[in-house]
Amino acid sequence: MNRAARIAVFAVGALGLAIAFLLAFDALPHFGTESHPYGDRSVRAAVAQKTSNVVTSLAFDQRGFDTVGEEFILVLAVLGGTLLLRAREDEREDDSDDAPRSPEVADAVRLTGYLAMPITLLLGGYLVVHGALSPGGGFQGGVALATAIHLLYVAGDYQALDKLRPVPLFKATEAAGVSAYVAIGLAAIATGSAFLTNVLPLGSYQKLASAGTVPLLNAAVGVAVLSSVVVLLSEFLEQTHVVRAEGDA
Amino acid sequence: MTVGYVVAGWLFLIGVYGIVVSRDLVHSIVCLSVAQSSTYVLLLAVGYRDHATAPVFGDIPSNPHVVDPVVQSLVFTDIVVSATVTALLLALAVQAKKRAGTRNPDDLSELRG
């Protein structure tokens, strides 16, 4: 349908949806209500499991099976992106060093990128390791670590980025991270409990070695997410810098 | 009914409006992100508790008065899912531009072999 008809249909639908929203919001408990039964129970459970960060406890301990699904979604998305962005029959990959270099960037940008990279790496590592103790976790830390590596690209140097992150290595670590998560879950079965039960000693509150399997699962997820994001971004960057149509110089 | 919920509804409608009137695939993907973020706002608004703090404890709490952490973990999963969807959509947009030569969804209405 043409553009005007599409907008008209949308307007009618949006009006109906807006009315439905307002009616629904009226029926919700008022904003800031004291009554959160699931919240209270999950906080009690997290404290009993000696995990300071209740959200991480929910993600890796109380609802740990959903996180397995989340990890597999990420891996599948990277797989799909790799398949979609592979060189077609009429393209080739140009890995030679006389491929056009990245455009010149300002010195200030370059310096800031190089300075920020070790700081961001440290921050990402901290987020992954302290997932059970303070806000953070495997997913957040993995993304921060991947961002740190790509600050090299932001600082204007695709060649340096390409040499620093060998993609086959990151594909291997991605698989290793996901497998480690599942293996830790299966290890719980070996001790006679259900999949992903928290079977390690819970330790004492706020120590690094507390909350049982949660720090290990966090580390596995951190490695997997870091590798997934690096592989995914490498596919997109190769589209710009490496893949050339047949017949180009 | 408060601003928190109405913001979520508004974000959703404006995101979908952006997709409907979009002339560029990348723009419509970003509008989809906006629509997805409306679900985060709604979930977090539902989980809010007056005068409560974040669900992270420095020491074993005697009387934990915190916001609802269950919806926060739902939003957490939601964000990861939306990031993966965005990545796949962007890959599709790249290939659409290469094969059809255009990023305008109005010009991409016919299937090409």
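The values are calculated or read from the model by the stated rules, or taken from the named source; none is laboratory data. All values reported here derive from a predicted model rather than from experimental measurement. Glycine gets a Cβ as well: all are built from the backbone with ideal geometry, and neighbour counts include every protein chain shown. Side chains included, ligands, DNA and RNA excluded: accessible areas come from the protein's heavy atoms. Shrake-Rupley method; radii C 1.70, N 1.55, O 1.52, S 1.80 Å.
Observations, loosely collected:
- Yes/no for B:ASP50 being among the acidic types (Asp, Glu) and not in a loop (DSSP other than H, G, I, E, B): no
A quick yes/no check of all residues on (1) open to solvent by less than 40 Å² (accessible area, probe 1.4 Å); (2) among the charged types (D, E, K, R); (3) closer than 14 Å to A:GLY131 by Cβ; (4) assigned to a loop (DSSP other than H, G, I, E, B):
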residue	(1), (2), (3), (4)
A:ALA176	no, no, no, no
A:ALA183	no, no, no, no
A:LEU196	yes, no, no, yes
A:ALA209	no, no, yes, yes
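- Entirely in region A:35-153, the helices (runs of 4 or more DSSP H) that have 1 or more residues that are open to solvent by 50 Å² or more (accessible area, probe 1.4 Å) and at the interface with chain B (Cβ under 8 Å from one of its Cβ atoms): A:37-48, A:64-84
- Residue check, A:VAL229 outside any loop (DSSP other than H, G, I, E, B) and surrounded by fewer than 17 Cβ atoms within 10 Å (Cβ to Cβ): no
- Count of residues meeting criterion [closer than 22 Å to A:ALA8 by Cα and either in contact with a Ser or Thr (Cβ under 6 Å, 6 or more places away or on another chain) or open to solvent by less than 60 Å² (accessible area, probe 1.4 Å) (or both)] in region B:25-42: 7
- Of all residues in region B:1-15, those that are small (Gly, Ala, Ser), facing another protein chain (nearest Cβ under 7 Å) and either free of Cβ contacts under 8 Å to residues at least 40 places away in the same chain or open to solvent by 60 Å² or more (accessible area, probe 1.4 Å) (or both) total 1.
- Test: residue in region B:16-24 that is part of a helix (DSSP H, G or I), open to solvent by 50 Å² or more (accessible area, probe 1.4 Å) and touching a residue at least 24 places away in the same chain (Cβ under 8 Å): no
- Selection count where residues are more than 7 Å from every other protein chain (Cβ to nearest Cβ), under 21 Å from the mean Cα position of the chain (by Cα) and without any contact (Cβ under 8 Å) to a residue 12 or more places away in the chain, scope region B:70-106: 1
- Reported count of residues in region B:43-54, each being open to solvent by less than 40 Å² (accessible area, probe 1.4 Å) and either over 15 Å from the mean Cα position of the chain (by Cα) or away from every other protein chain (no Cβ under 12 Å) (or both), is 3.
- B:ALA45 being touching a residue at least 12 places away in the same chain (Cβ under 8 Å), in a helix (DSSP H, G or I) and out of contact with any Ser or Thr (no Cβ under 9 Å at 6 or more places or on another chain): no
- Restricting attention to region A:154-170 and to residues that are in contact with a Leu (Cβ under 9 Å, 6 or more places away or on another chain) and small (Gly, Ala, Ser), the residue that is surrounded by the most Cβ atoms within 10 Å (Cβ to Cβ) turns out to be A:ALA155.
- Any hit, region B:68-79, residues being assigned to a loop (DSSP other than H, G, I, E, B) and at pLDDT 90 or above: yes
- Test: residue in region B:56-69 that is out of contact with any Phe, Trp or Tyr (no Cβ under 8 Å at 6 or more places or on another chain), more than 7 Å from chain A (Cβ to nearest Cβ) and closer than 30 Å to A:MET1 by Cα: no
- Subset of region A:150-165 [farther than 20 Å from A:GLY124 by Cα and not charged (D, E, K, R)]: A:GLY156, A:TYR158, A:GLN159, A:ALA160
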